[in-house]
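Structure first, then comments.
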Amino acid sequence: AWLSQGCCADLAELMPGGSQLSMADALAACDLDQDLSRPGTEGPRPGTVGSYPGQVGDESEDSEIEVILEDKPFGFQLRPGEGDRGAIVCDVDAAATAAGVEQGSAVLRVNETIVEQWHADDIQKQLDTEELPIALGLRLPTFQRLRSAGKKAVRVSVCTVNCRGSYHVVKDVIERLGWQEVAEVTRDASVMWLEHSDPTEGLAPVQTMSRIEAFLPYCRKVRLATCLNRWVQELPEDFAFSPKSWVLPDDAADLEATLLAQENSKSKPTYIAKPTAGCQGKGIVLARKWKDLYQIAERSKTGAEVSGRLRNPCEYVVQTYYSNPLLLDGLKFDLRLYVVVTSLVPMRAYLFKEGLARFCTVPYAPPKDTNLQEACMHLTNFAVNKKSKDFEAAEGLAQHAEGSKRSASSVLQAVEALHGMSAEAFWSKVARLAANTLMAMRPGLLEYYVHEKPKPLHPVGPKGFQIIGIDVLIDGDLEPRLLELNANPSLSVVQPGKIEEQDATEGELVGEGDPIEAEAAVGPMAAAASSSSSGVVRRNPRRSSRSRLLSKTTSQNDGEPAKPKEPQVIAELDLVVKRELISQALSLAKPAPRNKVALSKRKWLSNQRPVKGSQIPVDDSGEWALATPPTKQEVARPDAPEESPALEPLDFEALAAEKVSQYAVAHLALYRVWCRLCGPSQDALGQASVLKSLERHGMLGVAGLFPDRVSAQLHLSREWRELAQGEFGLNLPQFVTLAGRLGCRLLGGGGEEDEEDGPSQIDGAIAFAEAMHGAGD
């Protein structure tokens with residue numbers, strides 16, 4: 001493989017006497033431990049010593065590495081380069097070698113200054129005058145560059161302290177990428193792996209984190225249902241994937257009236273109630289009568305009274321239950337699919353084209369009063385069905401199309417064979433569902449960073465990526481229906497299983513199957529990803545890929561052995577799917593090397609800008625939007641989709657409904673207007689500022705919104721009493737509501753929310769934002 005890339009001459013330098021090189025000689029000379037002759041296996045290639053290790057780098061002769069010099073003297077000398085231009089490193093001592101300086105390297109850069117064509121003496125003067133630390137850009141000599149390409153150099157660090165059930169797969173991914181795991185508390189790693197509500201404070205723009213914080217509260221059932229309900233009413237055809245929903249306690253009266261009106265109907269619909277922050281099927285109730293939901297409604301009202309103005313901990317979402325699901329083998333199932341979001345402004349997200357199908361363990365029957373309590377018939381949650389005596393654990397990847405958990409690709413193949421819907425058609429529908437859902441959520445996500453937790457987005461803040469679990473049900477009409485989103489999808493890879501090997505020890509791999517051969521059986525996309533140039537460095541195939549035994553025998557405080565728990569083993573299917581998902585997500589984010597992180601963060605800490613007014617630093621075009629220019633550390637770090645072939649970019653312009661995108665753009669424009677009218681020291685917008693803005697933009701007068709200033713002031717006073725809730729000014733959501741009402745007046749409506757025939761609040765917000773933009777604000 002190496003010889004075919006024209007490296008014969010370079011490799012010959014490693015061998016005495018210019019002898020012929022065999023494959024074994026080449027591998028031995030380059031310190032490689034991978035079998036490149038293995039079909040379908042891709043080993044390291046020349047030129048992979050680039051800015052972002054573990055990925056395909058620049059294969060030219062100008063591959064650059066960066067070394068951080070933190071002490072003087074530097075421990076090396078410079079001699080003139082060829083033609084008396086440039087400088088070559090010589091006389092390198094042990095300390096400089098430990099820092100990464102290689103004998104014979106050419107000096108390309110001192111910090112941000114390109115010095116490749118300078119005289120050696122001038123470069124030395126530049127080094128002497130720069131303050132420590134200094135980032136020294138070097139081009140390794142051919143010999144060292146080739147040897148470095150074959151080494152498993154660790155240059156990206158990942159802090160795993162906050163991993164929970166995800167630790168096994170995250171650790172595995174780090175090893176395969178050839179990166180470094182940091183298993184101690186730190187805030188200085190290249191990648192901070194964060195989950196749930198882990199704090200993000202103190203992270204620099206150069207760092208990467210596995211969270212976009214706003215998704216955690218906005219993926220909860222109540223907020224998601226509230227958001228989507230609005231769009232179901234506005235665009236019923238585009239949001240037909242979302243069921244009709246009621247939020248308790250707010251919608252209790254309407255829900256009661258709806259159920260009471262249907263109680264005497266022969267075809268009574270079934271409803272499913274879910275706690276807003278519930279998971280693993282806990283707290284779910286199926287009901288067909290109001291009396292079955294009455295206690296939940298009362299409990300939610302009591303919780304609201306106790307919590308006062310705080311977020312209600314007892315909120316429930318009640319939705320129409322899909323009673324006609326598509327069945328396979330007579331069982332109901334759903335699909336856990338994944339989207340990776342890397343930016344809110346501009347909106348960027350990627351659909352992972354593989355997933356897991358979760359099956360019920362009791363044959364499905366349409367809901368009726370006698371089977372509503374059959375959780376294993378109606379709920380597909382893995383946590384529910386794994387406790388069933390009928391749960392079928394897959395023994396290995398060869399059985400990924402069987403059992404109670406299967407690969408999404410195998411299920412889609414079965415659906416195509418039985419019902420004629422191709423996998424491509426399904427993924428196209430899911431892409432449209434995901435694009436509409438994410439774009440509908442964006443205004444609320446941005447408001448989170450403005451009011452709930454004021455923090456700047458990238459590039460003023462760290463670059464985040466969010467893995468979102470999308471639970472989709474295929475109904476009898478072969479349409480995907482959104483069940484819920486999960487901002488903390490399970491990345492655990494364990495399942496109940498039997499111990500087959502008697503010599504297994506903790507952490508040892510037990511079971512059978514080669515990792516590379518096994519991954520090819522999962523699905524077309526996962527197989528393609530595993531053989532692509534996505535930067536995923538495979539383990540030595542000679543190492544076993546056997547299922548890890550996780551069951552441990554613990555001791556009680558008195559020294560007596562604890563009662564053994566149910567044996568848990570690594571599920572090969574979960575491991576392969578989730579490993580590829582995380583590998584692709586990390587490669588997509590393109591983390592900076594740890595030495596660059598150390599240098600850039602040190603400079604950033606001494607030059608941080610205030611949070612207020614800088615939460616959304618760029619526009620949808622990617623252009624800088626703040627009044628002060630970005631610093632050298634506030635540089636947007638682009639995604640690397642070419643490194644992640646199993647992640648399909650979502651084209652929001654083509655996939656999302658036009659009005660959804662228009663409203664998201666209008667909402668961002670209204671945020672800019674709100675910031676300007678508030679001023680740098682205010683968090684709320686005063687009435688006088690709005691009145692002056694309307695007057696300045698020609699909205700008062702015969703052809704304006706109001707005939708004169710007095711009528712405008714009276715109208716705004718009424719709006720303030722309703723919207724401000726006793727406060728002096730309006731926050732961003734309240735201002736957007738006001739803008740929607742004023743926009744409805746521009747469109748000829750009265751601006752009231754209960755006007756059925758007039759323009760909607762969404763139409764009004766879009767119109768008002770366009771009017772303000774056209775007027776130059």
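The values are calculated or read from the model by the stated rules, or taken from the named source; none is laboratory data. Because the structure is a prediction, the values reported are computed rather than measured. Using ideal geometry, Cβ is built from the backbone for each residue, glycine included, and neighbour counts are taken over all protein chains shown. What goes into the accessible areas is simple: the full protein's heavy atoms, side chains included, and nothing from ligands, DNA or RNA. Shrake-Rupley method; radii C 1.70, N 1.55, O 1.52, S 1.80 Å.
In table form, for the structure just shown:
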{"item": "Interchain or long-range residues, amide H under 5 Å from Arg109's placed H", "result": "Val115, Gly137"}
{"item": "Solvent exposure of segment 61-144 as accessible area per residue, Å², 1.4 Å probe", "result": "52"}
{"item": "Ratio of the Cα radius of gyration of segment 609-713 to 2.2 N^0.38 Å, where N counts its residues", "result": "1.49"}
{"item": "Packing rank of 594-605, 761-772, where each peptide gets the mean count of other beta carbons within 10 Å, highest leading", "result": "761-772, 594-605"}
{"item": "For segment 214-329, average projected area of the Cα convex hull in nm²", "result": "9.2"}
{"item": "Accessible area in square angstrom per residue, segment 253-298, 1.4 angstrom probe", "result": "54"}
{"item": "Charge context of Thr320, other residues only, Cβ under 11 angstrom, K/R +1, D/E -1", "result": "+2"}
{"item": "Taking the convex hull of Cα positions in segment 263-422, its mean projected area over all directions (nm²)", "result": "13.5"}
{"item": "Whole-Hz couplings from phi, Karplus 6.51/-1.76/1.60, listed for segment 662-678; x for Gly and Pro", "result": "4, 5, 4, 5, 5, 4, 5, 5, 5, 4, 4, 4, 4, 4, 5, 6, 5"}
{"item": "Where segment 685-743 is the region considered: accessible area per residue in Å², 1.4 Å probe", "result": "48"}
{"item": "Surrounding net charge for Leu331, when Lys and Arg each add one and Asp and Glu each subtract one, Cβ distance under 13 Å", "result": "-2"}
{"item": "Under the Karplus curve 6.51 cos²θ - 1.76 cosθ + 1.60, θ = phi - 60°, whole-Hz ³J(HN,Hα) for segment 225-234, x wherever Gly or Pro sits", "result": "5, 4, 5, 6, 4, 4, 7, 4, 6, 6"}
{"item": "Cα centroid separation - segment 365-402 against segment 457-475, whole Å", "result": "28"}
{"item": "Packing rank of 712-722, 607-617, where each peptide gets the mean count of other beta carbons within 10 Å, highest leading", "result": "607-617, 712-722"}
{"item": "P(r), alpha carbons of segment 573-651 - 10 Å bins starting at zero, rounded %", "result": "15, 32, 33, 17, 3, 0"}
{"item": "Carbon + sulfur, % of accessible area of segment 581-646 - ligands and nucleic acids excluded, 1.4 Å", "result": "57"}
{"item": "Charge context of Asp651, other residues only, Cβ under 15 angstrom, K/R +1, D/E -1", "result": "-1"}
{"item": "Projected area averaged over orientations for segment 628-777, convex hull of C-alpha atoms, nm²", "result": "12.6"}
{"item": "Cubic angstrom per residue, convex hull over Cα atoms of segment 405-450", "result": "90"}
{"item": "Simple spin-label estimate for Thr129 and Ala98 in nanometres, 7 Å along Cα-Cβ", "result": "3.1"}
{"item": "In order through segment 705-721: 3J(HN,Hα) via Karplus (6.51 cos²θ - 1.76 cosθ + 1.60), integer Hz, x for Gly, Pro", "result": "5, 10, x, 7, 5, 5, 5, 5, 5, 5, 5, 5, 4, 5, 4, 5, 4"}
{"item": "Length added when fully stretched, Lys244-Lys268, from 0.36 nm per residue minus Cα-Cα", "result": "7.1 nm"}
{"item": "Fraction of beta bridges assigned by DSSP in segment 185-322 that are antiparallel (%, nearest 5)", "result": "85"}
{"item": "Long-range amide H partners of Gly355 with built H, under 5 Å", "result": "Ala408, Ser409"}
{"item": "Normalised convex hull volume, segment 197-282, alpha-carbon set, Å³ per residue", "result": "163"}
{"item": "Protection-proxy order for peptides 201-209, 690-698, each taking the mean of Cβ atoms within 10 Å per residue, highest first", "result": "201-209, 690-698"}
